[in-house]
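Colleague: First the structure, then my questions, so here it is.
The values are calculated or read from the model by the stated rules, or taken from the named source; none is laboratory data. Here the structure is a predicted model, which is why all the values come from computation and not from measurement. Don't worry about glycine lacking a Cβ; one is built from the backbone with ideal geometry, like all the others, and counts go over all protein chains shown. These area figures cover heavy atoms from the full protein model, side chains too; ligands, DNA and RNA do not enter into them. Shrake-Rupley method; radii C 1.70, N 1.55, O 1.52, S 1.80 Å.
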Amino acid sequence: HRILPGISLVPTDPSIFLTTAGVVPFQAMLEGREPAPYPRIATCQRCCRTTDLESVGKFARYHTFFEMLGNWSFGDYFKRESLTWGWEFISEVVGLDKERIWATVFGNHPEYPDDTEAYRIWTEEIGLPKERVVTLADNWWGPVLETGACGPDSEVYFDLGPEFGCGSPECAPGCDCDRYLEFWNHVFTQFYKQPDGSFTPLAAKNIDTGMGLERLTCVVQNKRHVYETDLFAPIMARVEEILSRASSTSGDPDDWRKRVIADHARAASFMVMDGIYPANVGRGYVLRRIIRRASTFAYLLGVKEPFMRQIVPVVVEQMGAGYPELREKQSVILDQIGKEEAQFSRTLDRGVPRFMEKAKAGGIIDGAFAWDVYATSGVPFEVMKELAEECGAEIDERGYGEARDRHSIVSGKGSADKSNARALDVAATEFLGYDATQAEGEVKLLIHAEEGGEETDVDSLEAGEVGIVVLDRTPFYGESGGQVGDLGRLLAGEGGVSGLATVLDTTKRSGVFLHYVRVEQGRLHPGMRLQAEVDAERREAIRRAHTATHLLHAALRRVLGTHVVQRGSVVEGDRLRFDFAHGGAVTHEELRRVEEIMNAEVLRDHAVQISQHTQDEAREMGAMMLFGEKYGEVVRVVNVPGYSVELCGGIHVSRTGAIGLIKVTGEASAAAGVRRIECVTGAGAVTHVQALEGRLREVAGRLGGSDAQLFDRLDARDKQVADLERQLAQARQQLLETRLSGSSGSADSFQQTEVNGVTVITENAGNADPDFLKTLVDRHAERLRNGVVVAGGAADGKGTFIAKVVGDALGKGAHAGNLLREVAKRAGGGGGGRPEFAQAGAKDLSKIGEAISAVPEILTGQISPQA
C-alpha cells in the first residue's frame, strides 16, 4: 500500500462538516468520480465525531477524537484478501488471542441476500468457528449522503470477557453492552445508491477498511477502556493532578467525568490545530460545546478556575511527534481554549448551581427555564440533560425548543444546512465595504431562526437577544470566496446611545447581507437607521492576508508549474490557508523560493489595481477564476501589474507593501492530489518570527551556548552521542560474547538440552530489548546449525520473547510461532509468527524466566519422538 498522510479535520469537500472517518478524502474515488492515485492506499486519519457525545467516557468504545487506521483498494484486491490479510495481521502480527476474536457479516435483511461469501471466508478459509461469526442486518456501510458508494461490511470484535457483559445468554457482537469491542471494519464497497433508492454495481469493487487505533491499543494492552492505555495515561495523570488540588465533589476515583475531560482536551487541541476556533455557529460551535462540556464537568468535580490550558501541553507532548503541527500551534491552541474557558468560567458559578437546584428537586424541568440557563450562562443543553438524568429529572424539550425558537440564532449557520435556508423577501443589499468601514443603513428585516433552519421575521430584537439584521446598505463584508465575514457593531441614536448590537459574523445569501448580532442595549426594529462600524483593525489584517493569497497563487504557479490551480482557501486576519492541485509534497527549497518571490513583490510595493470587466474581457486579460466563486456577467478583476491577475470579489490592500511580510508556516496534504499551504502576514508574521527566535534561543540555552554557537554545540553533541552509541555497541558485543561462551557463571546464562532428538537452547537475558534478543538468538543459531533457540528479556517495562528454528528441526515439527504462542501465555502475553522465526510479548515480567524454563516441556508436546 502507498502510505499517505491524513487530511485536516476540516475537509475540502464543502458537503462534509467534519472529518469523521478515514474514508472522507477517498469518497469520490470509491464512487469512480475521480481516479485513485494508487491502487492501494493506507492512512492514519485523525477524526472527530460528536454524534455520541453523551456516551463518551461512560462506555469503552466512544471517543470524540480518535485516529483511524485505514486501508483502501481501488479495483485491486477484494473481499478474500482483505479478510485473510486482516486475520493474519491481528492474529499473527499483533498476536491477539484467536479464541477471543469474533466477526459479523451482513445478513438477515428482509430485502437483500446474505453475504455468504464473507461468511464462507471466515468459517472455511480462516477457520473461525461458526458460533463466533454472527450475521447482522445492520452490517451495511454507506452512503455518506443520500446517494453514493456503499456495500456490506464485516466487523471484527474482541471479547473483553463476561465481567464486561450484560449477563444475557444471548449476549454477542451487536449487543449494547461493553463485552464485545468492535475494533476493525472491512467494508466491501461494490454498490452505488441511486436517488430513487435502488442500488447499482460500481464499475470496480473496492475495499474500505478502518481500525480504531485507540480500540486496538485497548485490546492489545488488555485494559478496561482506552483511558487506561498509554495513549491516555499522561493526560489522565494531569487531570488527576488538577483535581487533587481541588475540592472534588466526587469520591469515585474512576469518575467518568475525568475521562470526558481527558477526551475533550485532546479533541479541542486538534480542532484548534486544524483552524477551528470557538464560535456560536458551525464547527466553531461544536468546539465551544466540547470545551464548555469539559469545563462544566470539571466544575462539578470541584475545579472552579479555567484548567484545560494545563492539559494542552501534555496532549502536545504525547502526540506532537506524530503531529508536529500541534507543537507549532501550541500557543494558538492555548490562546483559543484559554479565552473560551475564561469567558465561560465567569458564568459557570451562576448557571450550574442554578440548574442543579432545579434538577435535584426531580420531576419535569421547565424548558423555558433551561433555555434561559443556556442563554445567560452558556451551559450546553446536552450537559443539562445529562445532569438532569443523573438527578432523576427530565427537561421539557418541547418547551426548550419553543423558547429557543423565540430567541435563538441559527446554530447551523455556515454548515451545509445554510444552503437550504429560505429566500429572503427583501431587496439586495448595497455593499459599500470596498471603500468604507463605516456607513449608515436602514433596518429592512429582523430574523429569528431555529436550529433546523426555519426562519421567522420578527418585529424587534431586545437587549440580550441574538438574531439576524438585514440593512439596505452596509460596509460589512459577507463571508464568501474563502474570506471570512466582518465583525463590528451597529449603533443607533444620537452618539449611538439608544441602541447597540455586536456583529458576531456576516454572511450573504442571494445578494442579501446577513449581520448576525447580539443586542447589548436598547431595542432594534425595522425602519430604524443604524450606524454600521466594521472592526477596522481586523479588516486591515484580512486585506493583507487576501492579497497575499493572490501573491501565493502566482508564486506557486511560477515555482511548481501552471498545473497549480486553487482548490479552496480560508482568509482570516493576518492568516491564510490555500489548497491547490499538485501531485506531491512541496520541498523545502520550493517553499523557500515561493516565499522569496512573494516577499519580493511586497518590497516592490506594487499598486493593486481593481477594475470591473465583462467575463470575456477578463479572460483576455489572463484573469484566473477561483474555485468556489460564482461570477456574473460583470466581474471584478484584481491585478498586481506584471505578476497576478485574478477574478475576485474580496477586499484587498491598495499596495502590496502594506502586507509587510509573508511567512509560510506549513505545507501538508489536504486530500489525494491536493496540497495545503498556510501562511501568516503582517503582524501575524512578526509574531511568528519572534516565536521562532524565542525557540532558537531556548534550544541554544539548553545546549549551553548562544545563538551564534548553536551549530557548534550541536556538532559537539552529535559527536558525543556517536561516541556513546559506539561504546554501547561494544558493550553489547562483549555481553553477547560472554553469554555465548557460558563463562559468566550467572543465573541467566543459556541452557542447552535435547528434546526428542532436537537440540534446544534457551536463555533468560534479563535486561534486554528486542534488538539485543534478536542478535543473541541469531548468534546462538549460527553455532547450533540445527535446532531451536528461544530467548527472553525485558527493557523499559516491556517483555519480549524471540524464537528461531533452524535446519532439520523444521522438518521434525518444530514451529517457532506455535512455540512462542504457548510460551508467551505463561507470562500473560501473546504473539506468534512463522515456523522459522517468531516474536511475542510478555505482560507479567516476573514470569519471563518461568516461561523460558517451560520451553523444553512445550516442545515435547509439539515434536514426536518418531519425527
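Colleague: All but one of (1) in contact with an Asp or Glu (Cβ under 7 Å, 6 or more places away or on another chain); (2) open to solvent by less than 50 Å² (accessible area, probe 1.4 Å) hold for Asn786, so report the exception by its number.
Modeller: So the condition that Asn786 fails would be (2).
Colleague: Here is a further query. Do any residues in the range 522-538 that are touching a residue at least 60 places away in the same chain (Cβ under 8 Å) have Cβ atoms under 8 Å from those of residues that are surrounded by 15 or more Cβ atoms within 10 Å (Cβ to Cβ) and part of a helix (DSSP H, G or I), where the two are at least six apart or on different chains, and which pairs are they?
Modeller: Gln531/Gly496
Colleague: Right, here's the next one. Out of the residues in the range 572-590 that are assigned to a strand (DSSP E or B) and either acidic (Asp, Glu) or farther than 19 Å from Ile7 by Cα (or both), state the one that is least open to solvent (accessible area, probe 1.4 Å).
Modeller: Among them, the one singled out is Asp579.
Colleague: Got a number for residues in the range 648-660 being under 34 Å from the mean Cα position of the chain (by Cα) and within 22 Å of Leu560 (Cβ to Cβ)?
Modeller: Adding up the residues that qualify gives 2.
Colleague: Determine whether Trp122 is part of a helix (DSSP H, G or I) and in contact with a strand residue (DSSP E or B) (Cβ under 6 Å, 6 or more places away or on another chain).
Modeller: yes
Colleague: Please go through the range 299-315 and give me each residue that is in contact with a Phe, Trp or Tyr (Cβ under 9 Å, 6 or more places away or on another chain) and open to solvent by less than 10 Å² (accessible area, probe 1.4 Å), ordered by number.
Modeller: Val315 - this is the single residue of the range 299-315 that is in contact with a Phe, Trp or Tyr (Cβ under 9 Å, 6 or more places away or on another chain) and open to solvent by less than 10 Å² (accessible area, probe 1.4 Å).
Colleague: Hey, another quick one. Among the residues of the range 497-549, how many are within 30 Å of Val594 (Cβ to Cβ) and among the β-branched types (Val, Ile, Thr)?
Modeller: 3
Colleague: Within the range 346-366, can you find the residues that are out of contact with any strand residue (DSSP E or B) (no Cβ under 6 Å at 6 or more places or on another chain) and buried (at least 19 other Cβ atoms within 10 Å of the Cβ)?
Modeller: Answer for the range 346-366, where residues must be out of contact with any strand residue (DSSP E or B) (no Cβ under 6 Å at 6 or more places or on another chain) and buried (at least 19 other Cβ atoms within 10 Å of the Cβ): Leu348, Gly351, Val352, Phe355.
Colleague: Filter the range 59-115 down to the residues that are open to solvent by 30 Å² or more (accessible area, probe 1.4 Å), in contact (Cβ under 8 Å) with a residue 60 or more places away in the chain and closer than 30 Å to Val272 by Cα and list them by number.
Modeller: Scanning the range 59-115 gives Phe59, Arg61, Met68, Leu69, Asn71.
Colleague: Being in contact (Cβ under 8 Å) with a residue 60 or more places away in the chain, in contact with a Ser or Thr (Cβ under 6 Å, 6 or more places away or on another chain) and assigned to a loop (DSSP other than H, G, I, E, B) is the filter here; which residues of the range 212-236 pass it?
Modeller: Of everything in the range 212-236, just one residue is in contact (Cβ under 8 Å) with a residue 60 or more places away in the chain, in contact with a Ser or Thr (Cβ under 6 Å, 6 or more places away or on another chain) and assigned to a loop (DSSP other than H, G, I, E, B), namely Leu231.
Colleague: Something else: So if I check each of Glu667, Glu678, Glu693, which one is open to solvent by 40 Å² or more (accessible area, probe 1.4 Å) and closer than 20 Å to Val564 by Cα?
Modeller: Glu667 is the lone residue from the list that is open to solvent by 40 Å² or more (accessible area, probe 1.4 Å) and closer than 20 Å to Val564 by Cα.
Colleague: Just checking, which of Asp208, Asp178 is part of a loop (DSSP other than H, G, I, E, B), touching a residue at least 60 places away in the same chain (Cβ under 8 Å) and within 26 Å of the chain's Cα centre (by Cα)?
Modeller: Going through Asp208, Asp178 in turn, just one is part of a loop (DSSP other than H, G, I, E, B), touching a residue at least 60 places away in the same chain (Cβ under 8 Å) and within 26 Å of the chain's Cα centre (by Cα): Asp178.
Colleague: Among Val286, Val272, Val379, which is within 26 Å of Leu243 (Cβ to Cβ), out of contact with any Lys or Arg (no Cβ under 6 Å at 6 or more places or on another chain) and part of a loop (DSSP other than H, G, I, E, B)?
Modeller: Exactly one of Val286, Val272, Val379 is within 26 Å of Leu243 (Cβ to Cβ), out of contact with any Lys or Arg (no Cβ under 6 Å at 6 or more places or on another chain) and part of a loop (DSSP other than H, G, I, E, B), namely Val379.
Colleague: Filter the range 17-51 down to the residues that are over 14 Å from Ala149 (Cβ atoms) and β-branched (Val, Ile, Thr) and list them by number.
Modeller: Selection gives Thr19, Thr20, Ile41, Thr43, Thr50, Thr51.
Colleague: Something else now. I want to confirm something. Restricting to the range 725-753 and keeping residues that are part of a loop (DSSP other than H, G, I, E, B) and small (Gly, Ala, Ser), which single residue is modelled with the highest pLDDT?
Modeller: That would be Ser749.
Colleague: Right, here's the next one. Before we move on, is Glu146 outside any strand (DSSP E or B), free of Cβ contacts under 8 Å to residues at least 60 places away in the same chain and either hydrophobic (A, V, I, L, M, F, W, C) or more than 30 Å from Pro25 (Cα to Cα) (or both)?
Modeller: In short, no.
Colleague: Here's another thing I want to ask about it. Name the single residue that is farthest from Ala658 (Cα to Cα) among those in the range 694-706 being touching a residue at least 12 places away in the same chain (Cβ under 8 Å) and part of a helix (DSSP H, G or I).
Modeller: Residue satisfying both the conditions and the ranking: Ala700.
Colleague: Moving on. Can we say Val332 is touching a Ser or Thr at 6+ places or on another chain (Cβ under 6 Å) and open to solvent by less than 60 Å² (accessible area, probe 1.4 Å)?
Modeller: No; evaluated as a whole, the condition is false for this residue.
Colleague: Next up: If Gly322 passes every condition in (1) outside any helix (DSSP H, G or I); (2) at pLDDT below 90 but one, which one does it miss?
Modeller: Among (1) outside any helix (DSSP H, G or I); (2) at pLDDT below 90, Gly322 violates only (2).
Colleague: Something else now. Taking the stated definitions as given, is Ala501 in contact (Cβ under 8 Å) with a residue 24 or more places away in the chain, within 30 Å of Val680 (Cβ to Cβ) and small (Gly, Ala, Ser)?
Modeller: The answer is no for Ala501.
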